[in-house]
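Written below as structure tokens is the structure these notes are about.
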Amino acid sequence: QVQLVESGGGLVQAGGSLRLSCAPSGSIFRLNAMGWYRQAPGKQRELVAVITSGGSRNYADSVKDRFTISRDNAKNTVYLQMNSLKPEDTGVYYCNAIMGFSINWGQGTQVTVSS
């Protein structure tokens, strides 16, 4: 069974930066797209950024030019560099990875941006 292990969340002031990391543990096969979603209190989970195994990236409009997603295929690790953070970026950030036909989720890491 695959587990996604996230790290890097925390509390930061507006305008600050954080870097999230996520790596799967267990049996890994046909690892394809990896990405980050977030869920703010009282709101639905939404896509933040996704990157394919070939390096194609897609971002939510609200984070373009501030967040950068990257991956290290040798380590099966995906990163999310978050700059110029805003209070509205606050939420639980979930790592997502598609392996074969299965969709896997991490437990989530809290990001809190104070004004």
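Here are some notes:
- Any chance Ser102 is open to solvent by 40 Å² or more (accessible area, probe 1.4 Å), of a type in the set (Ser, Thr, Tyr) and out of contact with any Ser or Thr (no Cβ under 9 Å at 6 or more places or on another chain): yes
- In region 95-115, the residues that are at pLDDT below 95 form Cβ pairs under 8 Å with partners that are among the basic types (Lys, Arg) and open to solvent by 20 Å² or more (accessible area, probe 1.4 Å), at six or more places apart or across chains, as follows: Met99/Arg30; Gly100/Arg30.
- Flag if Gln3 is open to solvent by 30 Å² or more (accessible area, probe 1.4 Å), at pLDDT 95 or above and of a type in the set (S, T, N, Q): no
- Residue within region 70-89 that is of a type in the set (Phe, Trp, Tyr) and touching a residue at least 60 places away in the same chain (Cβ under 8 Å) present: yes
- For region 8-56, a residue qualifies if it is within 19 Å of Lys75 (Cβ to Cβ), open to solvent by 60 Å² or more (accessible area, probe 1.4 Å) and not in a loop (DSSP other than H, G, I, E, B), and the qualifying residues are Arg19, Asn32.
The values are calculated or read from the model by the stated rules, or taken from the named source; none is laboratory data. Not measured: the values here are computed from a predicted model. In this analysis, Cβ positions are derived from the backbone assuming ideal geometry, glycine residues included, and neighbour counts consider all displayed protein chains. Surface accessibility is based on the protein's heavy atoms, side chains included, excluding ligands, DNA and RNA. Shrake-Rupley method; radii C 1.70, N 1.55, O 1.52, S 1.80 Å.
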